[in-house]
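Peer 1: My questions all concern the structure below.
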Amino acid sequence: MPLDTACLLAVILEGIVYGFSILMFMGTIWSLTYKQRMQDINRPMLAVAILLLILSTGHIVANVIRMEDGLVKYRGTYPGGPVAYLADPTQKTLAIMHVFYVLQTLLADGVVIYRCYVVSQSVWVIIIPSLLWCSVAVTGFGAVYSYLQVANYSGDLFANLLGWPAKWVTAFFASTMATNGLSSGLLAYRIWMVERKVSTARGPNGNSMMPIVRVLVDAAILYTVVLVITLILFLCSNNVEELALEMIPSIISIAFYMVLIRIAINRQNRTPSTNETELSTFHQSRMQVDISKYTRNDGTPVYGIGNEDQPSTLKE
C-alpha cells in the first residue's frame, strides 16, 4: 500500500475509533457522576478520563494537520511530493503526534499500576511494573528524539528509520506491552483471589467482582493485540502499520473507559436490599461472637472478673 494511501486511511479509521471513544467518554462521565454527591465523585479517575480525551483529541488534530500539509499545502512545493513529505520523520506535526501518544501511554499504564498498588497495598508488587513504566518513558521520548535527528531521508519511511529510530520504537512497544500486561495480570489476579476468599462468606446473593476481572482481561487483550499487530507490521516495513498505529491512542481511551464503566455498573448493582442483607448477616455474626465471649459452656452469663455479683458493662 502506498504511504499516502495508508496515511489517509489511517486518519479515517482513527476518526471512526475516536468517535467511539467519545461515546465511551460520555458513558464514563455519566457512570462517575450519576446519583453521586460532589464529595463522593471519584475526582482522580474523572481527571484521568478527561486527560485521556484531551490527549487523543490532540493526536487526531495533529494527524489531520499533517495530512492537510502533505496532501494539500505542500503538495506541489515539497521535493518528492506528498509521499516524501509523509515519509519525513523530522516533521514537527509527526513529533507532536508521537508526544501525545507517549503521554497517553504513560498515563494509562500509570493508572493500571496505581490500581494494582491500591488493591494489593504493597509497594513490592509494583516494583517491576514501575521499572517497566520508566522504560516506557525513556524509550518513548528516545524514539521521538531519534526521529528528529534523522539527517538523510528519502521517500521510504522505513528506510529513514533504520538504525537507532527503529531500535527505540521496538523497545518502546516491547516495554509498553510488558508494563500493561504485567500490571493488568497482577491486578486481575489479586481481585480474583479476594473474590475467592469472600465468595463463601458473602453468599449467593452477594455482589461478585468477577465481571470486573473479565473486563480487565478484555481491555488488556484488546490493547496488547493492537500493539502486537503494529509491532509486526513495523518490523516487516509494511505501510499498513500506519493504520494500526494511529488508532492506538483512541483504543487506549476505550480500554480505560471500559474498566471504569464496568466498575460503576458493578457498584450500582449493589441494591439496598442486598446491602441490608449483607449488613444484617454481618451484625448477626458479630453478636454470636460477642455472646460466645461472655457466656460459659452451660449458657450462664459471665460477669466482670473479680466481681461476680454485678454484670460488667460490655462495649464494642
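Each value in this text was obtained by applying a stated rule to the coordinates, not by laboratory testing. Predicted model, so just to flag it, every value in this text is computed and none were measured. For neighbour counting, all protein chains shown are included, and Cβ atoms are generated from backbone atoms with ideal geometry for every residue, glycine included.
Peer 1: Hey, if you drop one equal point scatterer on each alpha-carbon of the range 33-79 and run the Debye formula without solvent, what base-10 log of I(q)/I(0) do you get at q = 0.22, 0.30 Å⁻¹?
Peer 2: Scattering profile of the range 33-79, log10 relative to I(0): -0.79, -0.98.
Peer 1: For the range 34-133, just say rounded, prolate or oblate: build the C-alpha gyration tensor, square-root its eigenvalues into a ≥ b ≥ c, call rounded for a/c under 1.5, and beyond that prolate if a/b exceeds b/c, oblate if not.
Peer 2: Taking the square roots of the gyration eigenvalues as a ≥ b ≥ c, the range 34-133 is oblate.
Peer 1: Of the peptides 29-42, 104-117, how do they stack up when ordered by the mean number of other Cβ atoms within 10 Å, highest first?
Peer 2: Highest to lowest by the protection proxy: 104-117, 29-42.
Peer 1: Please state the charge dipole magnitude for the range 3-270, taken about the Cα centre, from unit charges on C-beta atoms (+1 on K and R, -1 on D and E), reported in debye and rounded to the nearest 20.
Peer 2: Value, rounded to 20: 1320 debye.
Peer 1: Additional query: Can you sort 45, 1, 97 so the residue with the fewest Cβ neighbours within 10 Å comes first?
Peer 2: The most exposed by this proxy come first: 1, 45, 97.
Peer 1: OK, next. Using the Cα atoms of the range 99-249 to build a convex hull, what is its mean projected area in square nanometres?
Peer 2: Projected over every direction and averaged, the Cα hull of the range 99-249 covers 10.0 nm².
Peer 1: Separate question: Which far-off residues, 5 or more places away or on another chain, put their amide H under 5 Å from the one on residue 150, with H placed in the peptide plane?
Peer 2: Excluding prolines and chain starts, which carry no amide H, there are no hits.
Peer 1: Classify the range 100-148 from the C-alpha gyration tensor, please: rounded if a/c falls under 1.5, else prolate or oblate depending on whether a/b exceeds b/c.
Peer 2: oblate
Peer 1: Which peptide among 58-71, 141-154 comes first, and what is the full order, when sorted by highest mean count of other Cβ atoms within 10 Å?
Peer 2: The packing order, highest mean first, is 58-71, 141-154.
Peer 1: Give me the Debye-computed log₁₀ of I(q)/I(0) at q = 0.08, 0.09, 0.17 Å⁻¹ for the range 3-270, equal point scatterers on Cα only, no solvent, two decimals.
Peer 2: Evaluating at q = 0.08, 0.09, 0.17 Å⁻¹ gives log10 I(q)/I(0) of -0.37, -0.46, -1.32.
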